[in-house]
Amino acid sequence: MKDAESPTIYLADYTPPNWLVEEVHLTFRLAPRSTRVLSRVRFAPNPAAMSRAFFLEGEELTLISARIDGAEVKPEVTPEGLTCAVPDGPFLWEAEVEIAPEANTALEGLYLSNGMYTTQCEAQGFRKITYYPDRPDVMSVFTVRIESDLPVLLSNGNRVAQGDGFAEWHDPWPKPAYLFALVAGDLLALPGSFTTRSGKAVELNVWVRKGDEDKCDFAMEALKKSMKWDEDVYGREYDLDIFNIVAVDDFNMGAMENKGLNIFNSSAVLASPETATDANFERIEAIIAHEYFHNWTGNRITCRDWFQLCLKEGLTVFRDAQFTADMRSEPVKRISDVLDLRGRQFREDGGPLAHPVRPESFKEINNFYTATVYEKGAEVIGMLKRLVGDDGYGKAVQLYFDRHDGQACTIEDWLKVFEDATGRDLTQFKRWYSQAGTPVVTMTDSYADGTYTVTLKQTLPDTPGQTDKQPQVIPFAIGLLDPSGAEVVPTTLLELTEREQSFAFEGLKARPVPSPLRGFSAPVVLDHATDNAARAFLLAHDTDPFNRWEAGRQLAKSALVAMIGGGQSPDAAYLDGLRALVTDETLDPAFRALALSLPSEDDLAQAFADAGRTPDPQAIWEGREAMRSAVAEVLADALPALYARHLVTGPYSPEAGPAGKRALTNALLALISRTDGGAAARAQYAAADNMTQQLGALSALLGAGQGAEELAAFADQWRHERLVMDKWFMIQVAQARPEAAAATAAALAERDDFTLTNPNRFRAVFGALAMNQAGFHHASGDGYRLLADWLIRLDPLNPQTTARMCSAFQTWRRYDADRKEMMQAQLERIAALPKLSRDTGEMVGRILG
Ligand code: 0A1
Ligand code: ZN
């Protein structure tokens with residue numbers, strides 16, 4: 001269906017469901033091309049409804065038969081569902097439908113992945129399994145029978161019966177259909193157990209395909225840590241006898257929190273030291289935690305409608321970030337999150353795809369699993385916590401669990417518990433949920449007679465469909481240092497509620513140096529006229545680790561912009577500051593590794609755009625290359641010793657300590673390889689017994705224009721490991737020079753082991769192309785054309801992944817006329833396809849504006 005033809009759904013149009021579901025029984029007779037699904041659903045009229053009209057969602061189903069209270073009925077079936085005349089009071093609905101999991105390449109509903117049946121029902125996949133009121137505010141108790149010869153048959157809840165060729169599951173907790181799951185396959189389990197703090201034993205399993213059983217230990221440990229953490233920090237216990245995790249190769253997203261049966265993209269579960277990097281281990285730990293935490297924030301308390309998606313996602317991302325900070329390093333986690341937020345969410349918020357944390361309309365909800373809903377949604381919760389304090393937050397959240405357990409809720413319910421628990425009026429705060437766009441906070445300051453005055457002004461940019469925005473509540477953390485570098489005012493929270501407001505600090509002996517927006521206390525752009533001397537001062541003295549890193553980042557950015565735009569040589573203040581930081585043995589190696597990484601090409605492009613200049617992707621790439629070489633030369637005397645000091649040898653551990661050292665040595669190796677002909681990297685490659693060091697060495701070699709031999713050896717060694725081969729595909733495109741990126745991606749896509757049906761593989765090649773900014777935006781237009789060609793091929797098979805990847809074009813208006821024209825032509829080419837999916841149609845339509 002084309003964009004223009006798809007209906008738009010509005011938050012304002014919400015009405016309660018006409019019929020409620022008291023219980024559901026499902027029977028699955030599994031067969032690749034003809035699975036039969038029998039449903040028995042007890043409906044009762046909803047007293048809160050305005051009508052008794054009966055409509056069940058259903059798509060791509062063959063209806064075999066339907067009965068009401070035992071009597072056959074002939075419903076009116078459309079491509080979206082069915083209607084039927086029904087009794088006035090409660091009744092039993094029975095239906096039998098047929099579906100074809102084998103033909104399901106969209107990976108929504110029930111599908112087959114490498115011989116295993118699996119489901120994905122969020123957001124609206126259940127309607128591809130059977131006719132049902134597929135909306136999150138219809139919650140019910142599910143009993144499921146699976147009939148199949150496959151040895152492992154899983155569903156939600158607890159197993160109640162099992163025999164030859166069948167299994168039955170019962171989930172006592174009422175849930176919406178999007179949390180339904182089924183898995184059937186020839187799988188192996190890594191078993192485990194957990195005893196809750198009230199003494200209940202829970203059986204745990206991580207289910208994988210044969211051959212992957214040696215890569216489950218870490219996920220199991222991460223699960224146990226998550227279960228314990230949620231008890232300790234949020235007082236939340238697990239509520240079933242069993243918790244299953246399943247790894248699936250073909251999956252559109254990272255993972256899914258189905259009740260008691262979490263289904264994961266295998267990349268988010270499987271890890272061994274040889275095959276997974278430190279970053280993979282950290283991601284797995286975070287995603288296991290995220291899905292587990294959804295058991296309370298998402299499952300026990302769910303969303304009334306899909307506009308409330310941030311209610312479960314923002315909160316759960318916030319919770320998983322707290323967890324990671326507790327398990328690892330708080331500043332490093334914060335810095336990584338802000339990098340990600342600025343890289344993905346600010347970019348979204350500043351372009352044609354900008355939308356509020358709680359959107360007000362959509363055509364395809366799958367297009368709203370965005371950085372704004374997830375990451376900005378989590379930032380909003382962080383601000384709320386900062387404003388009401390840790391105690392207030394704790395009380396409010398407990399009230400949320402007490403008051404809303406078993407319900408489908410809204411953002412209003414969420415804010416109300418904060419108002420009731422803390423007495424604070426959150427009317428103005430709520431604008432964070434409804435106004436899109438990243439606020440710009442302009443800070444000016446003055447000093448006279450011992451009083452330092454900070455003036456903050458907020459500007460709220462127009463975004464698609466939104467102008468004339470009202471001021472938001474912005475928690476602005478600030479500290480002050482004296483000229484010697486000592487902190488004279490510790491972190492203080494200013495609350496900016498007006499468009500412009502001043503705050504005075506009295507009794508100072510000299511004009512202080514401010515350290516503004518500490519810890520990135522609000523998701524805003526800070527506009528503060530400062531100079532490199534002040535940045536270097538903060539880099540050397542700030543007590544706030546985030547701002548110390550930020551000062552270095554700003555120095556790097558201004559040095560790079562000056563180099564790219566004005567041909568200046570690398571800034572000495574930056575290079576001196578970097579040397580001091582990288583060689584400071586009191587600092588965490590992971591922090592130092594982060595300080596060594598330069599602002600991304602996209603970041604720099606945005607910096608030019610913000611300054612009213614047209615970014616030149618090629619010049620940005622060359623500038624970063626020149627800066628890297630300058631850093632390598634200036635630090636050349638210190639690098640080998642630093643590398644040797646931190647090189648981790650001996651048995652591998654994925655813990656934060658050694659992982660930080662490996663991050664630092666890999667960053668150093670990339671620099672060393674620019675001046676030593678690749679000798680050190682080749683040595684690391686040869687000695688590596690873990691993927692972090694092997695891939696780090698390969699990346700350093702490719703970055704220095706070498707590594708052809710190692711690349712071939714790598715493919716030879718890892719031919720049979722799908723997830724490792726994804727890295728092989730990705731690194732070549734990511735590291736390709738601008739003029740070669742599109743050709744590299746094109747050649748890889750022609751290989752036999754490139755497949756359109758596996759989203760990980762598709763992303764490895766084409767996600768990497770979109771990330772290789774100078775390659776994607778190469779003046780030839782080859783990058784644009786190639787991506788469009790392949791999105792056009794993917795759309796009929798997998799609309800969801802196609803639509804997500806269209807966002808590579810979202811910054812098109814930022815560029816020069818030639819590039820703009822070429823990107824627009826590709827977007828229009830996609831938009832004109834006769835059978836374009838609703839997903840892609842909506843995305844391309846919004847991007848074109
Ligand atoms: N709720 C999951 C993410 C997810 C969302 C949509 C999906 O299919 C459309 C799949 C997974 C999470 O937040 O982890
Ligand atoms: Zn989630």
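The values are calculated or read from the model by the stated rules, or taken from the named source; none is laboratory data. Remember, predicted model here, so these are calculated numbers, not experimental data. Here Cβ is always computed from backbone atoms with ideal geometry, including for glycine, and neighbour counts include all displayed protein chains.
General remarks:
- Checklist (1) in contact with a Lys or Arg (Cβ under 9 Å, 6 or more places away or on another chain); (2) in a helix (DSSP H, G or I); (3) not aliphatic (A, V, I, L, M) applied to residue 351, failing item: (2)
- Within the stretch 732-747, the set of residues being part of a helix (DSSP H, G or I) and over 11 Å from residue 786 (Cβ atoms) comprises 732, 734, 738, 739, 740.
- Meets criteria (among the acidic types (Asp, Glu), within 16 Å of ligand 2 (Cβ to nearest atom), modelled with pLDDT of 95 or more and not assigned by TED's automatic domain parsing to the domain that holds residue 313) for residue 278: no
- Residue match in the stretch 305-316 (condition: away from ligand 2 (no atom under 16 Å from the Cβ), among the aliphatic types (A, V, I, L, M) and either part of a helix (DSSP H, G or I) or crowded, with 19+ Cβ neighbours inside 10 Å (or both)): no
- Total residues in the stretch 89-123, condition closer than 30 Å to residue 69 by Cβ and within 27 Å of the chain's Cα centre (by Cα): 4
- Of all residues making up the stretch 298-325, the number that are within 13 Å of ligand 1 (Cβ to nearest atom) and either modelled with pLDDT under 95 or hydroxyl-bearing (Ser, Thr, Tyr) (or both): 2
- Pairs meeting the criteria (first residue in the stretch 367-380 and closer than 14 Å to residue 308 by Cα, second residue within 10 Å of ligand 2 (Cβ to nearest atom) and among the β-branched types (Val, Ile, Thr), beta carbons under 6 Å, at least 6 apart or on different chains) are 374/317; 378/317.
- Residue within the stretch 289-297 that is near ligand 1 (Cβ under 9 Å from one of its atoms), buried (at least 24 other Cβ atoms within 10 Å of the Cβ), of a type outside the set (Asp, Glu) and assigned to a loop (DSSP other than H, G, I, E, B) present: yes
- Selection within the stretch 697-714 - part of a helix (DSSP H, G or I) and either buried (at least 17 other Cβ atoms within 10 Å of the Cβ) or in contact (Cβ under 8 Å) with a residue 12 or more places away in the chain (or both): 697, 698, 699, 700, 701, 702, 703, 710, 711, 714
- All positions within the stretch 196-232 that are under 23 Å from the mean Cα position of the chain (by Cα) and within 30 Å of residue 396 (Cβ to Cβ): 222, 223, 224, 225, 226, 227, 229, 230
- Any hit, the stretch 738-759, residues being buried (at least 20 other Cβ atoms within 10 Å of the Cβ), under 24 Å from the mean Cα position of the chain (by Cα) and in contact (Cβ under 8 Å) with a residue 60 or more places away in the chain: yes
- Residue selected from the stretch 277-314 under the condition closer than 30 Å to residue 653 by Cα and among the acidic types (Asp, Glu), by the criterion farthest from the chain's Cα centre (by Cα): 278
- Filter pass, residue 341 being under 19 Å from the mean Cα position of the chain (by Cα), within 24 Å of residue 358 (Cβ to Cβ) and either among the acidic types (Asp, Glu) or surrounded by 24 or more Cβ atoms within 10 Å (Cβ to Cβ) (or both): no
- Counting the residues of the stretch 1-50 that are more than 30 Å from residue 465 (Cβ to Cβ) and not in a strand (DSSP E or B) gives 10.
- One residue from 694, 717 being free of Cβ contacts under 8 Å to residues at least 12 places away in the same chain, of a type outside the set (A, V, I, L, M, F, W, C) and part of a helix (DSSP H, G or I): 717
- In the set (1) farther than 12 Å from residue 251 by Cα; (2) within 16 Å of ligand 1 (Cβ to nearest atom), the condition left unmet by residue 119 is number (1).
- Scanning the stretch 807-841 for residues that are hydroxyl-bearing (Ser, Thr, Tyr) and touching a helix residue (DSSP H, G or I) at 6+ places or on another chain (Cβ under 6 Å) gives 837, 840.
- Some residue of the stretch 378-391 being of a type in the set (Lys, Arg), part of a helix (DSSP H, G or I), within 16 Å of ligand 1 (Cβ to nearest atom) and at pLDDT 95 or above: no
- Just one residue in the set 396, 421, 436 is surrounded by 19 or more Cβ atoms within 10 Å (Cβ to Cβ), of a type in the set (A, V, I, L, M), part of a loop (DSSP other than H, G, I, E, B) and at negative phi; that residue is 436.
- The sole residue among 609, 641 that is surrounded by 16 or more Cβ atoms within 10 Å (Cβ to Cβ), at pLDDT 95 or above, not basic (Lys, Arg) and not in a loop (DSSP other than H, G, I, E, B) is 609.
- Output for the stretch 552-576, where each listed residue is hydrophobic (A, V, I, L, M, F, W, C) and either closer than 21 Å to residue 619 by Cα or without any contact (Cβ under 8 Å) to a residue 24 or more places away in the chain (or both): 555, 556, 559, 560, 561, 562, 563, 564, 572, 575
- Qualifying positions in the stretch 229-244 - under 14 Å from residue 201 (Cα atoms) and among the hydroxyl-bearing types (Ser, Thr, Tyr): 238
- Only one entry in 111, 132 is in contact with an Asp or Glu (Cβ under 9 Å, 6 or more places away or on another chain), of a type in the set (Phe, Trp, Tyr) and under 25 Å from residue 187 (Cα atoms), namely 111.
- Restricting the first member to the stretch 179-190 and to residues that are without any contact (Cβ under 8 Å) to a residue 60 or more places away in the chain, and the second to residues that are surrounded by fewer than 24 Cβ atoms within 10 Å (Cβ to Cβ), the beta-carbon pairs closer than 6 Å and six or more apart or on different chains are 188/210; 188/213; 189/205; 190/220.
- Here the stretch 138-169 is the region considered, the condition is being of a type in the set (Gly, Ala, Ser) and under 19 Å from residue 120 (Cβ atoms), and the residue that is surrounded by the fewest Cβ atoms within 10 Å (Cβ to Cβ) is 148.
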